[in-house]
Amino acid sequence: MNIIGVKELDYRLSIQQRRIGTQSWPNGISKLKQLTGREHGELEKIIIAAAGDALPDTAMEPIRSLLDFIFQAQNLVFYDETVTALRHNLA
């Protein structure tokens, strides 16, 4: 939020197209006091699209890697390839 700015991130989240089955953020997120686990998950799905070209690549890479790790860590079964991908995302 500090790199983009609170107002810019709120604006970008507010103009995201509404989709069935996905949380929308018409007023942004800067004034929220608390989020449920589901809301965190929904925000993880769209934060990269919302941040888009406003972030430099040096900031997007760690965010993308962290989100990849979070999604892959939720697998029910871990194969060697999965563990390798998890290690790669943390490196």
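For the stretch 51-91 and the stretch 1-39, write down the distance between their C-alpha centroids in whole Å.
Computed from Cα coordinates, the inter-centre distance equals 21 Å.
Keeping the other protein chains in place, figure out the carbon and sulfur percent of the accessible area of the chain, with a 1.4 Å probe. It would help to have the intermediate numbers written out before the result.
Working: 3710 of 6860 Å².
In the chain, the share of accessible area belonging to carbon and sulfur is 54 percent.
Let me have the 222 nm mean residue ellipticity of the chain computed from DSSP H runs of 4+ only, each contributing -39500 (n - 2.57), with the sum over all residues rounded to the nearest 500.
Working: 4 runs with 52 residues, N = 91.
Counting only the DSSP helices, I get -18000 deg cm²/dmol.
Over the chain, average the accessible area per residue using a 1.4 Å probe and give it in Å², no decimals.
75 Å²
Once every Cα of the stretch 42-91 carries one equal point scatterer and solvent is ignored, give the base-10 log of I(q)/I(0) from the Debye formula at q = 0.19 Å⁻¹, two decimals.
Each listed q maps to, in turn, -0.66.
Once Rh is set to the Kirkwood radius over Cα pairs, what Stokes-Einstein translational diffusion coefficient, in µm²/s, holds for the chain at a temperature of 25 °C and a viscosity of 0.890 mPa s? If you can, show how the numbers build up before the last one.
On the way: Rh = 14.5 Å.
It diffuses with D of about 169 µm²/s by this estimate.
The values are calculated or read from the model by the stated rules, or taken from the named source; none is laboratory data. Being a predicted model, the structure only gives us computed values, none of them experimental. What goes into the accessible areas is simple: the full protein's heavy atoms, side chains included, and nothing from ligands, DNA or RNA. Shrake-Rupley method; radii C 1.70, N 1.55, O 1.52, S 1.80 Å.
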